[in-house]
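Since every read-out is calculated from the coordinates, none of them should be taken as a lab result. Just so it is clear, the structure is predicted and the values come from calculations on it, not from any experiment. Using ideal geometry, Cβ is built from the backbone for each residue, glycine included, and neighbour counts are taken over all protein chains shown.
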Amino acid sequence: MGFLPNIGPAEFLSQLLVGFSRAMILFTVCAGLSFVLGVLRVPNIAHGSLYMIGAFVTFSLSKSFGGSSGFWFALLLAPLVVAGISLVAERGLFRHLYQREHLMLLLFTFALALILGDLVKIFWGAEYRSVPAPDILKGSISILGASFPRYNLFLIFIGLLVAVALWLFVNRTKIGKISRAAAVDRDMVALLGINVSRVFAGAFVIGCCLAGLGGALVAPTVSITLGMDHTLIIEAFLIVTIGGLGNMWGALVGSLIFGVTQSLGVLIFPQFAIVFPFAAVVIVLLLRPKGLLKSVW
Amino acid sequence: MSGKLLDFKAAGFTFVLFLILLLLPPFIPRFFVYILGLIYVTSLLAMSLNLLVGHGGMYQFHHAVFYGVGAYAVALILTKTSLPAWVAFIGGPILAALTGLIIGWFCVRLTRLYFGMLQISLCSLIWAIVYRWYKFTGGDDGIHGIPMPRFLSSLNSSYYFILIVLALSFFLLYLILKSPFGSTLQAIRDNPQRCEAVGINVRRHQLRAIVIGTFFAGIAGVLFVVLERSVFPDLLFWVLSLEIFIMCLLGGWFTFAGPMLGAAITVALRTFVGKYTEYWTLILGVLLILLIFFLPEGVMGYFLGVFKSRGKGMAERRNP
């Protein structure tokens with residue numbers, strides 16, 4: 001590898017693991033986006049804003065609980081707060097629009113994103129915030145000679161947990177099966193006497209809850225600021241697209257591609273690291289325009 | 001948009017409006033001249049998008065990139081080469097249209113949301129490169145203080161230039177929409193399957209429309225540089241793309257001049273509400289939600305519906 005100077009196996013490995021942990025945060029958020037996209041057929045731009053709200057709520061909660069355990073409370077409560085916000089938005093506004101065209105729904109969610117973004121500005125201001133990781137997850141351990149932050153290992157663990165929980169939810173519970181059926185043919189599900197509107201509300205809240213969880217998980221690793229919603233949502237849309245719209249495993253595959261190409265891109269060409277994942281997305285879409293895995297649409 | 005080629009009342013009104021705007025600059029403060037210029041640039045951008053979305057029915061989600069490509073092309077030619085200014089002014093739209101051709105060539109194979117998603121990802125790649133390539137594009141700083149030819153040295157002369165180019169583009173876009181090509185495009189929007197069945201090459205028409213639309217977006221980019229003398233990567237960011245969408249929605253998708261009105265409302269709102277509060281996007285968001293609920297055909301569409309056809313045909317066009 002003559003064109004890659006100064007990269008030892010240890011650096012490569014640690015960068016790869018950083019990529020995996022980044023991918024797991026992306027997966028948590030994108031699984032929610034993909035779920036909403038699959039069941040409601042709505043590309044929810046406000047998803048990024050909910051992720052940002054999750055991060056800011058985590059900041060406030062872990063500060064007010066204080067100490068090392070504050071983060072754990074925040075990690076549990078932040079997704080619930082976000083779920084509450086999304087429930088209000090869905091029942092209050094969103095459900096009246098399901099009959100409209102996609103474009104209108106898209107613009108509606110953008111309007112929601114504008115409003116939520118400014119509300120965050122009102123509540124938390126424009127400063128940079130940071131959340132300390134809990135003591136037990138501070139520091140790093142070495143794996144095969146590569147030093148690796150404990151928090152990132154925790155992220156990988158949580159990401160796998162989310163994947164398993166989602167799989168169980170979608171395949172083993174009744175409401176999961178109903179929502180999958182509603183994704184394929186909502187009229188048929190309604191004919192069977194199931195309240196589709198309520199299924200939609202549930203799916204929307206679950207999806208948004210995952211956005212909040214993603215925001216809470218990312219909080220200790222980045223500086224929390226306005227605008228983090230804008231960078232995330234475009235990445236999330238691309239991930240969901242390359243995975244196959246509405247396919248949860250596609251979201252996992254897409255997140256891994258996105259996270260790993262970005263972190264390895266840092267090794268190869270640091271200045272253009274953000275270009276690599278976009279290029280990877282373009283290559284995937286040119287080869288398979290409808291995504292890698294089967295779309296539910 | 002069917003029917004007779006020229007509605008004399010509307011044409012007369014447009015011409016009088018054009019004359020008034022042309023004579024305006026000596027009588028109003030400099031700041032208003034600048035804001036009007038910005039409104040013209042933005043309305044040309046919104047109209048170029050509306051050609052694709054409102055009349056073509058394509059999900060051109062990331063239209064701002066072509067605006068940015070046009071603007072950056074001018075900025076780079078003027079700052080990095082010694083070519084004359086007119087080369088830059090013509091090169092900007094051509095480069096934007098070329099980018100549109102390449103991206104559109106891939107996108108027209110798909111429909112609806114898949115079209116939009118592929119479009120976003122290809123365009124985001126361009127954004128990411130512009131955003132990061134410090135040596136060439138200035139990265140996230142952008143390029144400032146772009147030298148302009150002498151005839152554009154004052155704000156008023158830039159204003160005249162922008163207004164005249166806008167008027168010409170307006171006229172050209174109108175002719176394009178009234179041409180057989182324009183009718184075919186709208187037929188494709190309303191029923192692509194039937195168009196294919198009667199022997200229309202749907203993809204080729206859509207691709208042509210994309211090239212035309214991105215060309216005019218490139219012109220808008222050139223005009224932006226004429227007005228601002230600087231470029232920055234936010235011109236290619238997806239948030240701007242959605243703002244253009246909002247302008248089209250505000251004005252009305254299925255009207256010709258609606259997007260101009262939407263652009264004027266949005267720019268005016270940002271300027272004047274932005275003076276009093278930093279939360280102007282909150283107000284824009286609330287306005288947008290009210291609009292989606294109560295006025296889905298837009299301000300212009302609503303008034304045209306009330307005054308002319310009493311909404312006849314509007315309903316069918318809304319739900320293709």
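If only the Cβ of Lys and Arg carry +1 and only the Cβ of Asp and Glu carry -1, the dipole of segment A:100-210 around its Cα centre is close to 320 debye. Across segment B:134-217, the volume of the C-alpha convex hull divided among the residues equals 153 Å³ per residue. As a proxy for reagent exposure, B:Phe254, B:Phe27, B:Phe15, A:Phe108 were ordered by neighbouring Cβ count within 10 angstrom, fewest first; the result is B:Phe27, B:Phe15, B:Phe254, A:Phe108.
Since only B:Ser179, B:Leu38, B:Pro149 are under comparison, the one whose Cα sits farthest along the positive direction of the charge dipole of segment B:8-238, derived from C-beta charges on Lys, Arg, Asp and Glu, is B:Ser179.
From most to least packed by mean Cβ count within 10 Å, the peptides B:99-107, B:41-49 give B:41-49, B:99-107. Span-like helix check, chain A: qualifying full DSSP H segments, with Cα axial length of 24 Å or more and mean Kyte-Doolittle of 1.0 or more, are A:9-40, A:70-92, A:102-124, A:150-172, A:196-218, A:248-268.
How big is the shadow of the Cα convex hull of chain A, averaged over all directions, in nm²? Dividing the Cα hull surface by four gives the mean projection, 16.4 nm².
The packing ranking of peptides A:53-60, A:13-20, A:266-273, highest mean first, is A:53-60, A:13-20, A:266-273, where packing means the average number of other beta carbon atoms within 10 angstrom of each residue. Sequence gap at least 6, Cα distance under 8 Å: using those rules, report the relative contact order of chain B to the nearest whole percent. The normalised contact order for chain B reaches 30 percent. For B:Leu101 and A:Tyr128, what does the FRET efficiency come to when R0 = 41 Å and r is the distance between their Cβ atoms, rounded to the nearest 0.05? Plugging the Cβ-Cβ distance into 1/(1 + (r/R0)^6) gives 0.45. As an equivalent ellipsoid, segment A:222-261 spans semi-axes of 21, 11, 7 angstrom, where each value is the square root of five times an eigenvalue of the C-alpha gyration tensor, largest first. Between B:Val16 and A:Ala279, what's the calculated FRET efficiency when r is the beta-carbon distance and R0 is 60 Å? Round to 0.05. Plugging the Cβ-Cβ distance into 1/(1 + (r/R0)^6) gives 0.70.
Once the cut-off is 16 Å, how many percent of the Cα-Cα pairs in segment A:178-242 end up in the long-distance tail? Above the 16 Å cut-off, segment A:178-242 has 61 percent of its Cα pairs. Have a look at A:Val36, A:Val162, A:Val184 and tell me which one the Gaussian network model of chain A (Cα, springs below 10 Å) gives the largest fluctuation. Checking each option, the largest mean-square fluctuation is seen for A:Val184. Note on segment A:63-168: percent of Cα-Cα distances in each 5 Å bin, starting at 0 and stopping at the bin with the largest distance, equals 2, 9, 11, 15, 15, 15, 14, 8, 5, 3, 1, 0. For the residue pairs A:Lys63/A:Lys121; A:Lys177/A:Lys294; A:Lys63/B:Lys275, the alpha carbons lie more than 28 Å apart in A:Lys63/B:Lys275.
Rule-of-thumb check for the protein assembly as shown: C-alpha Rg over 2.2 N^0.38 Å? The reported ratio for this selection is 0.99. Each listed q (0.10, 0.13, 0.19, 0.25 Å⁻¹) maps to a log10 I(q)/I(0) for segment A:119-218 from the Debye sum over equal C-alpha point scatterers, namely -0.50, -0.72, -0.98, -1.29. For B:Ser82 and A:Val88, a Förster radius of 56 Å and the Cβ-Cβ distance give a FRET efficiency of 0.40, rounded to the nearest 0.05. Counting Cβ atoms of other protein chains within 10 Å of each Cβ in B:131-143 and taking the mean gives 1.
Under the simplified labelling scheme, the B:Tyr34-A:Trp167 pair shows an inter-label distance of 5.9 nm, with each label point 7 Å from Cα along Cα→Cβ.
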